[in-house]
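Take a look at the structure below.
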Amino acid sequence: MTSDAYRPSPLAQVDSEATEDRWTLVFTRDLRHPPEKVWAALTEPEQLAAWAPYTADRDLSKAGDATLTMIDDENSQDLAAEVVRVEPPTLLEYTLGTDLLRWELAATDTGSRLTLRHTVKDRDWLPKVAAGWHICLDVAEKLLDGRPIPPIRGAAAVKFGWSELNDQYARKFGIPNTGLPEHLEGGDKAS
């Protein structure tokens, strides 16, 4: 299957939490798969490479240092990461550069409830991050369903509804839409 037929799913449940100088996106989504299967997609490098905006140099199911390589078309950037908390298959927490990601999984009658808490420096990033994770988790769900499509990340995400999702999430948060992140502004702006 190709990503050409991809269309974003309905908006996820989102919220935000503020601390002294940081903001946390709380992104909740129900998945049709048990926590153990979702856990593997969150931690195994081969599965991460198939849906996430980065690859990992090792399995993330053990605490310690790691390198996550952000991918944007042919460009990549290595970021130091540290897996700080691991409770398989319900909790995974790691740093990604200056961000903190906390993945929580709870079993439901129909699969899993995934809650991602992604902490960033600026409030303006909340809708951008929500739009990016929205697309990535759509791709992850297709992978888990056994109907994988190629990963949609970086500037390529703009072609698959990122701008519209960013706008919709900005409205949900009551934040002005500040458009593309600086590192993507020189890329393809088609929507």
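The values are calculated or read from the model by the stated rules, or taken from the named source; none is laboratory data. Just so it is clear, the model here is predicted, and its values are computed rather than measured. Every residue, glycine among them, receives a Cβ derived from its backbone with ideal geometry; neighbour counts consider all protein chains shown.
A few comments on the model shown:
- Per this entry, Thr19 is counted among residues that are farther than 16 Å from Leu137 by Cα and hydroxyl-bearing (Ser, Thr, Tyr).
- Count of residues meeting criterion [farther than 13 Å from Ala12 by Cβ, assigned to a helix (DSSP H, G or I) and at pLDDT 95 or above] in the stretch 126-156: 5
- Comparison of Asp99, Asp78, Asp145 shows that the only residue that is under 24 Å from Glu46 (Cβ atoms), under 13 Å from the mean Cα position of the chain (by Cα) and acidic (Asp, Glu) is Asp99.
- Within the stretch 143-163, being among the charged types (D, E, K, R) and surrounded by fewer than 20 Cβ atoms within 10 Å (Cβ to Cβ) holds for Asp145, Arg147, Lys159.
- One residue from Asp78, Asp59, Asp109, Asp73 being modelled with pLDDT under 95 and of a type outside the set (Lys, Arg): Asp73
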